[in-house]
Amino acid sequence: MSVFNRNEDDGFSRGTPTIIAYPELPGTPSGNAEYRLEESVGLAAAIGLEVIQARHYRVRSPRAATLLGGGQVDELAQLVEDESAELLIIDGALTPIQQRNLEDRVKAKVIDRTGLILEIFGERAATAEGRLQVELAHLDYQAGRLVRSWTHLERQRGGFGFLGGPGETQIEADRRMIRDRMARLRKELSQVQRTRGIHRARRKKAPWPTIALVGYTNAGKSTLFNRLTKASVLAEDLLFATLDPTMRQVRLPGVEKAILSDTVGFVSDLPTQLVAAFRATLEEVTSADYIVHVRDIAHPSTEAQRTDVLSILRELGIGENGEGDSPPIIELWNKCDKLPAEERAQLSELAKRTPNCFLISAQTGEGVDLFVEQLAARITAEGIERDLVLDAAQGDVLAWLHSKGQVCSVEEKDGMLFVTAMLTPRGWGQYEKLYPDV
């Protein structure tokens, strides 16, 4: 599914000659342009576009009509003509009017960062759930851009014979069709959300801890996932190589079984439509017992990437240091094998002094064993909290919970005991075997 295939001459294919322009707006961190352009080239490469040139423009005063200044737009128009480019990517957010005006000026298709990311997601989504989520995000984005994306928006006639009124405009009909389709998609996704909720509830009843891998796209999550689970999830040096969440069983020292999930990678300025559409998937992160934040420590803008990831986690209600009910976050400084020896040694010492932090290489395995040992020790030491409902006469079960773990609270109501208890994963395993019907 492509957001661009609206008519025969409105699409593009792999190998399309492309120019990328990054508008550096007021308030943008200095030195960000080079890395942002590099990332944009990577995003374009993810769907096979041929990037001819990538330039950045300092925009002192954004224009309502074109975002960029008049001279900058003229320069881009000349560049598009000289290079015979068919696509111009503006690495920022464009309003529908700005997008249309730029297309009129440069005589080529124009998309913004949101449109590019949506196109990648549309191509990569593999599961039925992923396709539903991406289509909803596409339609939400496209609804406000009908003015530029459709070429058949002439007014239709209504009524009978020659006496009919003007009737419904084609653009109104298209918008109504999009609204109807979005309503159906939301209904289907609500069912997906309920199903995921049931699965999460079942996992919560099980004695196995869940660990969610999160991080910036291309930080190495899937490589680490494959190393820990012996799985074969696609892991390439490519932005958004994997989109659909994957869960596998993993063994840790002293822990009979744990569930490890690999989630979609984050990116700066992740479209709000995608965050909303993928909420059912991202909620897997909020329900995890532990969150492992995988960082590409060798990337020049690793700190900015960390900030972007934590920002999206906050949108999901997860605090940086496990505040409130948020699961604890463990940081993995990945790709240390790409660092010079001196810098690697410095970071190794810093990681030792930083709580919940490990320097690793998912590719070579360096530091992974230490991380696994420490994670397993933390799981077995801290235990996992569960809510139980017991009959008031089941005092033996309550006594067993007191003897094997920590009973955090007990509330009696209508002859029932509402108990919150904490046990190790092994302890919960014993509980399930001893009291399978409780």
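The values are calculated or read from the model by the stated rules, or taken from the named source; none is laboratory data. Since this is a predicted model, take the numbers as computed values, not measurements. Here the Cβ positions follow ideal geometry from the backbone for every residue, glycine too, while neighbour counts run over all protein chains shown. Only protein heavy atoms, including side chains, enter the accessible area calculation; ligands, DNA and RNA are left aside. Shrake-Rupley method; radii C 1.70, N 1.55, O 1.52, S 1.80 Å.
The accessible surface of the stretch 325-431, taken with every protein chain in place and a 1.4 Å probe, is 49 percent carbon and sulfur.
Both radii are taken from the alpha-carbon atoms of the stretch 289-418; with Rh as the Kirkwood radius, Rg/Rh is 1.15. Accessible surface for residue 344 stands near 70 Å², nearest 10, in the context of the full protein assembly shown (1.4 Å probe).
Here the calculated FRET efficiency for residue 32 and residue 406, from their Cβ-Cβ distance with R0 = 45 Å, stands at 0.40, rounded to the nearest 0.05.
Size descriptors for the stretch 57-125 (Cα atoms only): Rg and Dmax, in that order, 12.4, 39 Å. Ranked by the mean number of other Cβ atoms within 10 Å of their residues, highest first, the peptides 135-143, 219-227 come out as 219-227, 135-143.
Cross-linked pairs 257/433; 221/338; 257/404; 221/352: no Cα-Cα separation exceeds 23 Å. Partner lysines whose Cα lies under 28 Å from the Cα of residue 187, excluding those fewer than 8 positions away in the same chain, are identified as 204, 205.
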